[in-house]
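A.B. asks: To start, I am sharing the structure in question, which I have written as structure tokens.
The values are calculated or read from the model by the stated rules, or taken from the named source; none is laboratory data. Only a predicted model underlies this, so the values are computations on that prediction, with no experimental measurement involved. Reconstructed Cβ throughout: ideal geometry from the backbone, glycine too, with neighbour counts over all protein chains shown.
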Amino acid sequence: MKKANLLIFLLLPLFCLAQASFKLKGKITSETSSLEWADVSILNSEGKIIDGTTTKQDGNFEFNLKKGSYKIGINLLGFTDYEKEILIEKDTVLGTIILKESATNLVEVIIQSKNKTVEQKTDRLVYNPEKNVTTVGGDALNAINTAPGVVVKNDVITILGKGTSRVMIDGRMIELAGEELNNFLKSISASDIKNIEIISNPPAKYEAEGAGGLINIIMKKGMRDSWKNTTTVSYDQNKYGIYTLRDNFYYNKNKFRFSASVNGKTGYKNADESLEMYFPDGLSVMKSETKVKNENLSGKLALDYDFSERTTVGFQFLNDRNNPDFGSDIRIEKYNTQNQLDNVTLNNSYTDKGSGNQTYNAHLITKLDSLNRKLSFDVDYFNYNSKFDRSFIANNYTPDMTFVDVNQSGRNISNQDIDNWSFKADIEHPLQALNLSYGAKMSFTNSISDVLYYNTITGTPELDPAQSNRFKYTENNQAVYINGDKKMGEKWNFQMGLRLENTQTNGFSETMNQETVNNYLKLFPTVYASYKKNENNTFSLNYGKRINRPRFDLLNPFKVYINSNSYSEGNPFLRPSFSDNFEFAHSYKEVLRTSVFVNVITNGYGVLFTSNPETNTQIVTRENYFKNINYGIGESYSANFAEWWSSENSLYFLGAKTEFIKNINSTPSNSLQIDFSTNNTFVLGKTTKLQVDFSYSSPFKSGLYKVGYVSSFDIGFKQDLFNKTMQIALLANDIFNTSYLKDFASVVNGVKQVYSQNESNRFVRFSVVYNFGNKKINIKERAFGNQDEKKRTGN
């Protein structure tokens, strides 16, 4: 009953009645002809845009407005902006408004206009990656890694001081995590990204999932009344080579918009790993060299159609396929307590690995009435499937490499299939007192995974039921939210929201005949306040509560062998962790930005590297084992030192306090971490740019782990050709080969483990980008009104 009353309270504004309205009409012309596609905006008395449209072919426009005072604003590229105060008390005809041509011609406007690289908004930071030369010919993952305060390390995307972040594209959540998410992002061309939103504390309309905030990639849309095609070819050279071909097509005519893309990648990359385990009876050293196939094929189709000036419907389909097969040569050396080599194990393996995901989305956006209430509705279906088939044999040798016996021989097969349906509705409901939005969402997820282990030491595969399992998992989520924002005068802006999520999960292990059920109802509040002291100084304060649910594969309780000396297993008893996020920020001239933040994590879960000294085996598992307080201060500075030199810089000081809530026979420790980055663009000519970037993260301790330093030095060069229809670019990435995970150490049960992993971060890339099509009319961006989100998977 309480849930029903809360739902009625949250959705009550839906039944508010519209007030009487009057028509406002007008016509826009130049001194010689009517002007089509001019942007016409209506602003309220507080200066906030409450409605907008574009003029028709004959230059006419029309609004429905309630009684009151407004300001009308008109702008069109190549013409001087127009503004006028208007009073609406009855139907009003403004007549013909003549725009004057700008003194600067259209081509000069395009060349001289400078979009801000970084823009601070109330609840997010907006980053424009186009100015960074190192993203030319690159992908979405490269672009994210250049965003201020965001780092990508070892398949994990993190907002500094916040933790692992989830990723959206055009407001729609990507259902992938880890390696699979990175592979998907690598299939998207960086040149097709308009900007990247860094939302460290997301508002209530976004799903509460993700302790580390959200990163929203806004894609470019096609030009109005035109078509365009972009083709990108690139080649990366490290130890091996990787070829990439991308093609993106846009068509935008009258009421119809269509886009299609196809992306292909093929080649190999090299990965080196090392692991030292200090057992009581001596040191065990593992070194691995792996050749990984980098094979990807993906595509996207999207279309939108305007049924009327008020209603738009659309459909989107994405498909992504990866086949990262790899073969590994692993050498394990075992030493005695006198540090003498006792024996050697050579482990050779080959893994047939593949994954695919497909997403279908149908959406409707409609303007409900003259109050500018808008409804957006989404239906989404997502399917993810993966296979993992590893065969390995490990042979024992004496120190002089004389064969002794077969240590282990086996075949590990794992498959996973995930289906997700979600339904989401959002309403924007502006009122006289505040701007209100509210909505609801339902999500239904089914996951089936199985693990089969065959012992092949005799040459004949024999299924081992004790190490095989079939695991079924369902997760259903129902959510409602309400959010309001209010501007008070010229200085204050407030926003507050509540999101209520009800979740039911069920995990069942067929082999163990074990069922795990977890149901919970949680409320997630968000609060924002900003104060503009003057033209130079703006202050903001925000708070939000988040949840971090375990990925599906982490819940499967059975073993997947990494090699004969190491295996990974899930935990069906994992529970979500929660975080409370506080942030205070100051912006000076939108050039110098300061952020002070605190992130409190309860019931935190993570990876535990434990071991079995009797068999000298590493065990990778997951537990809810800690609570944590992360805190820090960040400074970012945008500078134009000269007409030919612009720079984006950031400096973060991060700290933490960790307490273990489970007896894991280890002691937590923390230290200060310093993260610094500088991105510098040098204009060598009208069509030539040089980019020099450097980043550094100091060694630090965090709870259970100690992590070594990471740094990267990159140089990029870009040359525009044929009136910017073609670009050629050269990138030398991680020149000194220092951006990999190193000295990742922990001590559990008295056994120290030190791990390092280097995955081909040092490479040279040559890229060619070619654009062609009809580009006579300026780009008209059109953002979706809905913000769909989904669940999560991982690898």
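A.B. asks: Are any residues in segment 461-475 in a strand (DSSP E or B) and under 24 Å from Asn506 (Cβ atoms), and if so, which ones?
C.D. replies: Asn469, Arg470, Phe471, Lys472, Tyr473, Thr474, Glu475, listed by residue number.
A.B. asks: Follow-up. So Asp389 ticks every box in (1) surrounded by fewer than 19 Cβ atoms within 10 Å (Cβ to Cβ); (2) under 30 Å from Gln478 (Cβ atoms) but one. Which box is left unticked?
C.D. replies: Here Asp389 meets the rest and fails (2).
A.B. asks: Taking strands (runs of 3 or more DSSP E) that do not extend beyond segment 581-682, which have at least 3 residues that are touching a residue at least 60 places away in the same chain (Cβ under 8 Å), touching a strand residue (DSSP E or B) at 6+ places or on another chain (Cβ under 9 Å) and farther than 22 Å from Ser695 by Cβ?
C.D. replies: Counting at least 3 such residues, we get 592-612, 617-642.
A.B. asks: For segment 615-627, check the following and say yes or no: at least one residue is under 29 Å from Ser587 (Cα atoms) and under 30 Å from the mean Cα position of the chain (by Cα).
C.D. replies: The answer is no; no qualifying residue exists.
A.B. asks: Quick one: Tyr206 ticks every box in (1) at pLDDT 90 or above; (2) not in a strand (DSSP E or B) except a single one, so which number is it?
C.D. replies: (1)
A.B. asks: Further, regarding this structure: Please verify whether segment 735-758 includes one or more residues that are within 26 Å of Asn183 (Cβ to Cβ) and touching a helix residue (DSSP H, G or I) at 6+ places or on another chain (Cβ under 6 Å).
C.D. replies: The answer is no, given that none of the residues of segment 735-758 is within 26 Å of Asn183 (Cβ to Cβ) and touching a helix residue (DSSP H, G or I) at 6+ places or on another chain (Cβ under 6 Å).
A.B. asks: What's the number of the only condition in (1) modelled with pLDDT of 95 or more; (2) surrounded by fewer than 15 Cβ atoms within 10 Å (Cβ to Cβ) that Val596 fails to meet?
C.D. replies: Condition not satisfied by Val596: (2).
A.B. asks: State which residue pairs qualify: first residue touching a residue at least 40 places away in the same chain (Cβ under 8 Å) and inside segment 223-249, second residue among the small types (Gly, Ala, Ser) and outside any strand (DSSP E or B) in any location, beta carbons under 7 Å apart, and separation of 6 or more residues or different chains.
C.D. replies: Lys228/Gly222; Thr230/Ser191; Thr232/Gly137; Thr232/Ser191; Ser234/Gly137; Asn238/Ser760; Lys239/Ser760
A.B. asks: Is one or more of the residues making up segment 738-755 surrounded by fewer than 19 Cβ atoms within 10 Å (Cβ to Cβ), modelled with pLDDT under 90, in contact with an Asp or Glu (Cβ under 9 Å, 6 or more places away or on another chain) and more than 20 Å from Tyr250 (Cβ to Cβ)?
C.D. replies: no
Table: residues versus (1) modelled with pLDDT of 90 or more; (2) farther than 30 Å from Leu65 by Cα.
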residue	(1), (2)
Arg321	yes, yes
Lys334	yes, yes
Asn357	no, yes
Leu364	yes, no
Phe382	yes, yes
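A.B. asks: I'd like to check something: does segment 776-792 contain any residue that is at pLDDT 50 or above and out of contact with any Leu (no Cβ under 7 Å at 6 or more places or on another chain)?
C.D. replies: No, the conditions are met nowhere in segment 776-792.
A.B. asks: Follow-up. Considering Ser437, Ser414, Ser409, Ser449, which residue is farther than 30 Å from Asn348 by Cβ and surrounded by 15 or more Cβ atoms within 10 Å (Cβ to Cβ)?
C.D. replies: Ser437
A.B. asks: Would you please name the residue that is nearest to Asp192 (Cα to Cα), looking only at residues in segment 229-262 that are of a type in the set (Lys, Arg) and surrounded by fewer than 20 Cβ atoms within 10 Å (Cβ to Cβ)?
C.D. replies: Lys253
A.B. asks: Determine whether segment 541-554 contains at least one residue that is hydroxyl-bearing (Ser, Thr, Tyr) and under 24 Å from the mean Cα position of the chain (by Cα).
C.D. replies: Looking through segment 541-554, at least one residue is hydroxyl-bearing (Ser, Thr, Tyr) and under 24 Å from the mean Cα position of the chain (by Cα).
A.B. asks: Name the single residue, out of those in segment 453-484 being charged (D, E, K, R) and farther than 28 Å from Arg549 by Cβ, that is surrounded by the most Cβ atoms within 10 Å (Cβ to Cβ).
C.D. replies: Asp464
So that you can scan it fast, the table gives a plain yes or no per residue for (1) surrounded by fewer than 20 Cβ atoms within 10 Å (Cβ to Cβ); (2) part of a loop (DSSP other than H, G, I, E, B); (3) touching a strand residue (DSSP E or B) at 6+ places or on another chain (Cβ under 7 Å); (4) in the same structural domain as Asp389 (by TED's automatic domain parsing):
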{"site": "Ser540", "(1), (2), (3), (4)": "no, no, yes, yes"}
{"site": "Tyr543", "(1), (2), (3), (4)": "yes, no, yes, yes"}
{"site": "Ser568", "(1), (2), (3), (4)": "yes, no, yes, yes"}
{"site": "Asn571", "(1), (2), (3), (4)": "yes, yes, yes, yes"}
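A.B. asks: Suppose we filter Asp192, Asp139 for residues that are more than 30 Å from Phe597 (Cβ to Cβ) and of a type in the set (D, E, K, R); which single one remains?
C.D. replies: After ruling out the rest, the residue left standing is Asp192.
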